[in-house]
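Colleague: Encoded as C-alpha cells, here's the structure I'll be asking about.
Laboratory data are not the source of any read-out in this text; all were calculated from the coordinates shown. Computed from a prediction, not measured in an experiment: that's the story for all the values here. Heads up, the Cβs are rebuilt from the backbone with ideal geometry, glycines too, and the neighbour counts pull from every protein chain shown.
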Amino acid sequence: MLTVTAKANEKITAFLKAQKEPSYIRLFLSEGGCSGPSLGMGLDEPEENDEVIKENGVNYLIDKDLLDKARPISIDFIESDRGSGFSISSSLPKGEGCSSCSGC
C-alpha cells in the first residue's frame, strides 16, 4: 500500500522533529499538466475521508478515494549531481506529454 525507503524516512523524520507540534504528512494529487497527475506531500491535519497510514513512526494522510486509485505508493529520497528531493511513485496514469512546452 505505502512503501517509504529508509533514506526518505530519515529525511521526513528529521523534518518532523524540527516542527513545534506533531504533524501529519499528507499525500495529495498534484495535477501535472501534460505529464499527467502526480502525488505531492505537505503538512496537514486529518479530514473525514482520510486514510491514516503509520509507517516507521510517521503518520501519513491520504484521501481514501485517491488511495484506491494510486496504490501502491512508494516514497524515496533521491540525491544526484542535479539536486536532491523526494520521489513519489504510484499507479496513477502517466500523461502523454506534448511538444508545446518546455516544462515537461
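Colleague: Average projected area of the Cα convex hull of the stretch 6-62, in nm²?
Modeller: Details: hull surface 19.0 nm².
If you wrap the Cα atoms of the stretch 6-62 in a convex hull and average its projections, you get 4.7 nm².
Colleague: Okay, next question. Working from the pairwise distances between different alpha carbons, so that the mean of 1/r is found and then inverted, what is the chain's Kirkwood radius in Å? Don't skip to the answer; put the middle values down first.
Modeller: Numbers: mean 1/r = 0.0676 Å⁻¹.
Kirkwood hydrodynamic radius for the chain: 14.8 Å.
Colleague: If R0 is 22 Å, what FRET efficiency do you get for Ser89 and Glu10 from their C-beta distance, rounded to 0.05?
Modeller: Details: r = 19 Å, r/R0 = 0.84.
So, using R0 = 22 Å, E works out to roughly 0.75.
Colleague: Pick from Pro46, Pro22, Pro72: which is most flexible by mean-square fluctuation in a GNM of the chain where alpha carbon atoms under 10 Å apart are linked?
Modeller: Residue with maximal mean-square fluctuation among Pro46, Pro22, Pro72: Pro22.
Colleague: Within the chain, what's the longest stretch lacking trypsin sites (Lys or Arg not before Pro) that sit in DSSP loops with no more than 16 other Cβ atoms inside 10 Å?
Modeller: On the way: sites that count: Lys20, Arg82, Lys94.
In the chain, the maximal stretch lacking such sites is 21-81.
Colleague: Given the options Ser74, Ser38, Ser30, state which has the largest fluctuation in a GNM of the chain using a 10 Å cut-off (strictly under) for Cα springs.
Modeller: Comparing Ser74, Ser38, Ser30 in the GNM, the peak value goes to Ser30.
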